[in-house]
Structures are given as C-alpha cells and as structure tokens.
Amino acid sequence: MLSFPKGFKFGWSQSGFQSEMGTPGSEDPNSDWHVWVHDRENIVSQVVSGDLPENGPGYWGNYKRFHDEAEKIGLNAVRINVEWSRIFPRPLPKPEMQTGTDKENSPVISVDLNESKLREMDNYANHEALSHYRQILEDLRNRGFHIVLNMYHWTLPIWLHDPIRVRRGDFTGPTGWLNSRTVYEFARFSAYVAWKLDDLASEYATMNEPNVVWGAGYAFPRAGFPPNYLSFRLSEIAKWNIIQAHARAYDAIKSVSKKSVDRSSAASDVYKRQAVEIAERLNRWSFFDSIIKGEITSEGQNVREDLRNRLDWIGVNYYTRTVVTKAESGYLTLPGYGDRCERNSLSLANLPTSDFGWEFFPEGLYDVLLKYWNRYGLPLYVMENGIADDADYQRPYYLVSHIYQVHRALNEGVDVRGYLHWSLADNYEWSSGFSMRFGLLKVDYLTKRLYWRPSALVYREITRSNGIPEELEHLNRVPPIKPLRH
C-alpha cells in the first residue's frame, strides 16, 4: 500500500466553456471561443472541428448529477472556473487607468479597487448567472468539496476580444491580451467574483495555462486557437500582458479575501539536455520568475516590485513530455515524442500514445514537480493530469502510474497538496470538439447520461484508501500496446 498524507486531496478539474453548455438555457454566445468555433471560415478550413459547445455535456443544468458521481468516486476537491462572459456579457464603463495607457504593452502597476467601485460594477453584472454559479458552488460546498475557484480558462468576453477581426489582421477592434485594457478588466472581474463568492471558495486560481493562450494563439496556428494569427512579436505582447494580469488579479483578490491564490501552468518534462535550459526558460521560468521574483527578462533583467511575490502556491498541469534539440534560433521540438506523435500508435521511444497522439510518459510528472519545488519552494497541486482514451484502455494505467509519481515526489520532500484529474466527464476539447474523450465518466451527448468507465472504479479505490492499494500496484507501468482499430 502506497499511502498519502492525511488531508491530501483527490479531485478533478474542469472548464466552464468545455463543460457547461448542453441543456436548454445553458448557452453562452458572448465569449471569443464561442464566436471562434461557430465561424464558418474556421469550420470549412478545419481550423476547428465543426462540433458546437451548445451540444456539450450539460453541467450547467445537470451539475447535481455530476456532483453525485464525483461523490461516489470519493473525490473531495475540484477546480472550477467562472465564465467571465456569463457574468459580464456586456462592456463595463471603461476604467480610469491609473498608470500606463491603453496601448499594447503598457506597464500596469496598480488597479484602484474599493467597495464603492465593486458596487458600481454590480449594476452591470448578470445576476441570474451569478446566482446560478452560487448554487453550483453551494452544492459542492455542502458536499464537503475543497473548491479552487479559477477566474480564467482561456475565454474572453467578445467585447474585449474579437478573434475573427484579429485573425484577418484587423487590429482596430477589441484585441484581447494584446491590449493593456484587458489587464485592468481582468483585475476588476477577479475582484468582483471574489467579493461575491468568497464565502464558498476554499482557494483561488487566477488563470489556467496562460502559456497556451499566448503560444497557441500567436505562435502555433496548427492548434486552431483564437486568434490564430502567427506573430512572435504579438505572442510576446500577449505574454507580457498576461503576466501583468495575473499580478493585478492577485492584488485584486487579496483586497477582498485572505485566501491563497495560484495560477496553473501547462508543464511538460523537457528532454535533450543541450536545449532544455532554453526551452524551460522561455516556456516556464520566464513567467514564474516574473510573478515570484519580479524579474522581467524581456526588459533586460529588470526587477518590478509590483510583480514580486504574487503567488502563494503553484498548480501544475502535466500530460506528457516534450523532447527538444538545440537550434540556431534557440530550440526545436522533435516530432515522434510527447504530444508530437501519431494517434494510437508508438512513439519513437516505443511508448504507446493516446487518442490525441500524446506519449505515455508518467515519470515526467515527478521531474516537473521536483523542478518547481527546487526552484521556488512553494506548495504544489497537480491541477490537471489525464489522457484522451475513449476505450479506457490506457487510463487505468495512466491514473496509477502518474499518482505513483506524485507519491514519489512526496517521498523526496516535495510539498504536494493534491492531485486533480482532467476530467470528471468527457467535454468539449476546444478546436478538437467532442472527438477527444478525457472523462472518468463517458458522456452520451444525445441523452446527457453519464456512464462510469473502468478507470473511475480504479480512482475510487485510490480515494477510499488515500493511496494506491497493493491490488492496483500492477497498473504502475506502461500499458500493453493498444489494439489497432480496423
């Protein structure tokens, strides 16, 4: 029996846009992602799948059913986000920007927020949506769940970001993270949500995987993420504004709450030693050094005190590794490893891959946790970890082998507080639509029924035991090769 510390949390993470829609009245047409996946040009050119989120799993209307199943599995923690476009579907009055100007990369040192300003914002909020979020969170709280309330999981209100205009090269409209106004608005939104829901949140997260937003949106157009405009310069501007947005949201939440605040990063273990330092610095440490140490490498190793110590703990999202090699321009990601593999096949390392073509590599989670701990010494949560596997052939092995790596890190003295699986149920996988199934629970999208996959039973045994029982230890290995589909 591999036991975990008392109080260790086992749970799941989910995103509003991916999970909420699917029942009558649950539609949210006011986000940039909603506009993006409905755009005819995107669909015809196969930038997106053509699947529509309003046909999704239906968490908004059926949340109690989801919570029932989570309780049966024995989960006690959840990270869930509030959709900005539901709370503020229409623009707020433009804020008075105390520092900086309304330009691409203006420094945003502070955002003036007080109860009077929050009460003014209250006049513009969608109170029906706010009330519904309160019902969802109250139901979770009454069942004893530890709630990490996240402010941002990739969607922006369309009054802040028109991704179709930006995709076409028109920067005269709302440009999202390219404009420092979004930094101000995110701070105001975060303060407002904390002001309204602080009695129900256990902890806060400002944002999930912002590195995906500035990377996939501006540097990797094949990902199909808005605004799908290839520009390394704009990617850096978006990154810079997101760094500031986290810091200002941290301050905003702390102005109304005493609870701890995190942000979660997409992390993959990086291999090929000669290029590792470059890849990790660009994709991981540059962001965290900014909000922990205040170091701004893009500005010539300057230190900004208004960014320093804006993090209480770190959320780690891990799915697979990345293999890189040194190149004249820095580094290149090698195909055939990590998330650059053929679906349901073998990687170049002879390891099985998922429905998404992601390599099975659990030991990378241990390495990532150790690196964060050794560099920053802050408490950690595994906030996302999962696999696209509709047949549930690999997921039982995936669960046990990755949870084992968390146990291994704990034994090395790493302060890991919990493991949250992605996800409880199948959902809308962004530009890939419904084709990728990450759920412990299988969703019948026509009837909205939830069915247990075998991996849900495996997870239940782990949560009941607060560890990996001996009967399941044999799953701590690479799974047998998945039978080829004919």
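The values are calculated or read from the model by the stated rules, or taken from the named source; none is laboratory data. Everything numeric here is computed off the predicted structure, so don't read it as measured data. Positions of Cβ are generated from backbone atoms using ideal geometry, with glycine treated the same way; all protein chains shown enter the neighbour counts. Accessible surface is based on the protein model in full, side chains and every heavy atom, while ligands, DNA and RNA are left aside. Shrake-Rupley method; radii C 1.70, N 1.55, O 1.52, S 1.80 Å.
Out of everything in the stretch 391-439 that is of a type in the set (Phe, Trp, Tyr) and more than 20 Å from Ser264 (Cβ to Cβ), what residue ends up being surrounded by the most Cβ atoms within 10 Å (Cβ to Cβ)?
Applying the filter and picking the extreme gives Tyr397.
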### Task
Would you be able to say whether some residue in the stretch 446-465 is open to solvent by less than 10 Å² (accessible area, probe 1.4 Å), touching a residue at least 60 places away in the same chain (Cβ under 8 Å) and under 18 Å from Thr320 (Cα atoms)?
no
### Task
Please work out which one of (1) among the hydrophobic types (A, V, I, L, M, F, W, C); (2) closer than 30 Å to Gly413 by Cβ; (3) free of Cβ contacts under 8 Å to residues at least 12 places away in the same chain is the condition Ile43 fails and give its number.
(2)
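For Pro91, are the conditions met, namely being assigned to a loop (DSSP other than H, G, I, E, B) and at pLDDT 95 or above?
Values: assigned to a loop (DSSP other than H, G, I, E, B): yes; at pLDDT 95 or above: yes.
Against the criterion (assigned to a loop (DSSP other than H, G, I, E, B) and at pLDDT 95 or above), Pro91 qualifies.
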### Task
Only one of these is over 23 Å from Ser131 (Cβ atoms) and crowded, with 21+ Cβ neighbours inside 10 Å: Gly50, Gly11, Gly22, Gly56. Name it.
Gly11
### Query
Which of the residues that make up the stretch 67-85 are over 19 Å from Gly418 (Cα atoms) and not hydrophobic (A, V, I, L, M, F, W, C)?
Asp68, Glu69, Glu83, Ser85
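Name the helices (runs of 4 or more DSSP H) wholly within the stretch 100-219 that hold at least 3 residues that are farther than 17 Å from Asn241 by Cα and hydrophobic (A, V, I, L, M, F, W, C)?
Per the criteria, 127-142, 181-197.
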### Task
Any chance you could count how many residues in the stretch 25-37 are surrounded by fewer than 16 Cβ atoms within 10 Å (Cβ to Cβ) and closer than 13 Å to Trp430 by Cα?
0
### Task
Inspect the stretch 221-239 for any residue being under 19 Å from the mean Cα position of the chain (by Cα), without any contact (Cβ under 8 Å) to a residue 40 or more places away in the chain and part of a loop (DSSP other than H, G, I, E, B) and give the result as yes or no.
no
### Summary
Only one of (1) under 22 Å from Asp392 (Cβ atoms); (2) out of contact with any Ser or Thr (no Cβ under 8 Å at 6 or more places or on another chain); (3) without any contact (Cβ under 8 Å) to a residue 60 or more places away in the chain does not apply to Glu359, and that is (2)
### Query
Could we say that Val183 is β-branched (Val, Ile, Thr), within 22 Å of Trp36 (Cβ to Cβ) and buried (at least 22 other Cβ atoms within 10 Å of the Cβ) here?
yes
### Query
Can you tell me how many residues in the stretch 258-291 are in contact (Cβ under 8 Å) with a residue 12 or more places away in the chain, in a loop (DSSP other than H, G, I, E, B) and open to solvent by 10 Å² or more (accessible area, probe 1.4 Å)?
4
